[in-house]
Amino acid sequence: QVTLIQSGGGLVQAGGTLRLSCGPLESIFSDNTMAWYRQTPGKQRELVAEITSDGSTHYANAVKDRFTIYRDNAKNTVHLQMNSLKPEDTATYYCLLDDYRYRYWGQGTQVTVSS
């Protein structure tokens, strides 16, 4: 069992920036994909961005050119730099670790963007 701890998030005005961070408390397999998802009430959780161990990234169209996902493999942490935030980015954001055996989720953190 892996416990992911998230930090960051909060309330920001449109156009502002926030950074989310996530990391496990335990040692994990080095070959993995880490990602950020988000969810709003009544909707399915959706992928925001993901990054593999070798640094390959993928972004949802809605956040391309505004969000950047990056990781520190030495610390097994993943971060999401969110720039030019929009009200539609308001959601609960979840960190995911997929070690290709199991999927582990963080506790979620609220991001609220006011117009």
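The values are calculated or read from the model by the stated rules, or taken from the named source; none is laboratory data. Everything quoted here is computed from the prediction, not taken from an experiment. All Cβ positions, even for glycine, are placed from backbone atoms using ideal geometry, and neighbour counts span all protein chains on display. The area values use the complete protein model at the heavy-atom level, side chains included, leaving out ligands, DNA and RNA. Shrake-Rupley method; radii C 1.70, N 1.55, O 1.52, S 1.80 Å.
Restricting attention to the range 43-56, the residues that are open to solvent by 70 Å² or more (accessible area, probe 1.4 Å) and either modelled with pLDDT of 95 or more or in contact with a helix residue (DSSP H, G or I) (Cβ under 9 Å, 6 or more places away or on another chain) (or both) add up to 4. Output the residues belonging to the range 77-97 that are surrounded by fewer than 21 Cβ atoms within 10 Å (Cβ to Cβ) and assigned to a loop (DSSP other than H, G, I, E, B). Those that are surrounded by fewer than 21 Cβ atoms within 10 Å (Cβ to Cβ) and assigned to a loop (DSSP other than H, G, I, E, B): Asn83, Ser84, Lys86, Thr90. Is it true that some residue in the range 12-34 is at pLDDT 95 or above, among the basic types (Lys, Arg), farther than 18 Å from His58 by Cα and open to solvent by 30 Å² or more (accessible area, probe 1.4 Å)? Checked against the condition, which is being at pLDDT 95 or above, among the basic types (Lys, Arg), farther than 18 Å from His58 by Cα and open to solvent by 30 Å² or more (accessible area, probe 1.4 Å), the range 12-34 yields no hits at all. Which pairs have Cβ atoms under 8 Å, sit 6 or more apart or on different chains, and link a residue in the range 15-34 that is of a type in the set (Phe, Trp, Tyr) to one that is assigned to a loop (DSSP other than H, G, I, E, B) and surrounded by 11 or more Cβ atoms within 10 Å (Cβ to Cβ)? What qualifies is Phe29/Asp99. The residues listed here are Arg101, Arg66; of these, the one that is in contact (Cβ under 8 Å) with a residue 60 or more places away in the chain and at negative phi is Arg101. Across the range 43-66, not a single residue is classified as of a type outside the set (D, E, K, R), touching a Ser or Thr at 6+ places or on another chain (Cβ under 6 Å) and within 14 Å of Trp105 (Cβ to Cβ).
For residues that are closer than 18 Å to Ala74 by Cα and outside any strand (DSSP E or B), scanning just the range 7-39, find the one that is nearest to the chain's Cα centre (by Cα). The selected residue is Asn32.
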